[in-house]
1. I'm told Ala195 meets every condition in (1) within 13 Å of the ligand (Cβ to nearest atom); (2) closer than 20 Å to Met88 by Cβ; (3) open to solvent by 10 Å² or more (accessible area, probe 1.4 Å) except one. Can you identify the failing condition by its number?
2. If a residue has to be out of contact with any Pro (no Cβ under 6 Å at 6 or more places or on another chain) and in contact (Cβ under 8 Å) with a residue 24 or more places away in the chain to count, how many in the range 147-160 make the cut?
3. Give the range 161-171 a look and list any residue that's in contact (Cβ under 8 Å) with a residue 40 or more places away in the chain and either under 12 Å from Ile115 (Cβ atoms) or open to solvent by less than 70 Å² (accessible area, probe 1.4 Å) (or both), or say none.
4. Quick one: how many residues across the range 203-218 are farther than 16 Å from Ile25 by Cβ and surrounded by fewer than 17 Cβ atoms within 10 Å (Cβ to Cβ)?
5. Take the residues of the range 25-48 that are assigned to a helix (DSSP H, G or I) and near the ligand (Cβ under 9 Å from one of its atoms): which is modelled with the lowest pLDDT?
6. Which pairs do you get when a residue that is of a type in the set (Val, Ile, Thr), found in the range 222-246, comes within reach of a residue that is surrounded by fewer than 15 Cβ atoms within 10 Å (Cβ to Cβ), reach meaning Cβ atoms under 8 angstrom, with the pair 6+ apart or on two chains?
7. Inspect the range 144-156 for any residue being open to solvent by less than 50 Å² (accessible area, probe 1.4 Å), closer than 27 Å to Asp38 by Cα and within 15 Å of the chain's Cα centre (by Cα) and give the result as yes or no.
8. Restricting attention to the range 1-34, which residues are touching a Leu at 6+ places or on another chain (Cβ under 8 Å) and within 18 Å of Ile176 (Cα to Cα)?
Amino acid sequence: MELSGGLIKQFQPSKRVVVLTGAGISAESGIPTFRGEDGLWRRYRVEELATPYAFQTNPKLVWEWYDWRRGIIAKAEPNPGHLAIAEMERMFPHFSLITQNVDGLHRRAGNNKIIEIHGNLWQLRCVKEGTVKEDYRVPLPEIPPKCGCGALLRPHVVWFGESLNKEDLVFSYRLIGKCDLLLVVGTSAVVQPVASFPLMAKRQGAFVVEVNKNPTPISSMVDTFLRGPAGEILPALLGQIKEHWGK
Ligand code: OAD
């Protein structure tokens, strides 16, 4: 795949690069996305399951969904798209990754400078004490899982209707506010506040590139829209950046 020279020139190694990812980056690892054809679990939509209300009314159902996802993710491996992003972190001294994904695959691919803005499903939080612990058991021996204090544990993720972690949000706004280049990968760009990051970056003068299999609400405003699978486009992009910039 030959990408335009003008695009490759934007990836000058001294630039402040932010990569923003969504479920599409993990699709080629076999992890279903939330929306679109594979986006339904049983007959539920993500908006019906990933809410405090759903957890209050049926914690077992919500945990069955998370346990099912944990099972898929445990067997999955980072794909060439994740690996290309990990290599970008090593290549660009000013690099940050903001992910909406809770699967932990970016870390497994080798990224360290990550903001997991929607949390991580390998972490469990006590609804009473607020304590967080890691638990990698698949399947979980007890559904819903309980804390030693007797209260329920919940996934340490952000649900619809909940606020994002304030520090993560402030840090993300700061990164978006001063980046030179934003690479948006595999997100339907409909869940706020993350969905507004590309426009914010564009407004402050950053060059915005989108990689997605399908057009999204931001495709018409980005500087370059690369349509196709991230697992093919990102390695091709990285290869041409390395060739051009001699890294
Ligand atoms: P979605 O499932 O909404 O969107 C996935 C996007 O990835 C779509 O735009 C697809 O076209 C694209 N896509 C699929 N396969 C791809 C591939 N191989 N290469 C490139 N693009 C591909 O996922 P998100 O936008 O991440 O939040 O969803 C945002 C949030 O909604 C999630 O973090 C989650 C969900 O509810 C919470 O749970 C709070």
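1. (2)
2. Of all residues in the range 147-160, those out of contact with any Pro (no Cβ under 6 Å at 6 or more places or on another chain) come to 147-151, 154-158, 160.
Right, trim to in contact (Cβ under 8 Å) with a residue 24 or more places away in the chain and you get 151, 154-158, 160.
Qualifying residue count for the region: 7.
3. Our first condition is that a residue be in contact (Cβ under 8 Å) with a residue 40 or more places away in the chain; within the range 161-171, this holds for 161-162, 164-165, 168-169, 171.
Once the filter is applied, which keeps residues that are in contact (Cβ under 8 Å) with a residue 40 or more places away in the chain and either under 12 Å from Ile115 (Cβ atoms) or open to solvent by less than 70 Å² (accessible area, probe 1.4 Å) (or both), the range 161-171 yields Glu162, Leu164, Asn165, Asp168, Leu169, Phe171.
4. Number satisfying all stated conditions: 5.
5. Residues of the range 25-48 that are assigned to a helix (DSSP H, G or I), as a first pass: 25-27, 46-48.
Among the residues that remain, those that are also near the ligand (Cβ under 9 Å from one of its atoms) are: 25-27, 46-47.
Working: Ile25: 98, Ser26: 98, Ala27: 96, Val46: 88, Glu47: 85.
The selected residue is Glu47.
6. Within 8 Å, the pairs are Thr224/Ser4; Ile233/Met1; Ile241/Lys247.
7. Within the range 144-156, none of the residues are open to solvent by less than 50 Å² (accessible area, probe 1.4 Å), closer than 27 Å to Asp38 by Cα and within 15 Å of the chain's Cα centre (by Cα).
8. Within the range 1-34, Gln10, Phe11, Lys15, Arg16, Val17, Val18, Val19, Leu20, Thr21 meet the criteria.
The values are calculated or read from the model by the stated rules, or taken from the named source; none is laboratory data. Quick caveat: nothing in here was measured; it's all calculated off a predicted structure. Every residue, glycine among them, receives a Cβ derived from its backbone with ideal geometry; neighbour counts consider all protein chains shown. Just the protein is used for accessible areas: all its heavy atoms, side chains included, with ligands, DNA and RNA removed. Shrake-Rupley method; radii C 1.70, N 1.55, O 1.52, S 1.80 Å.
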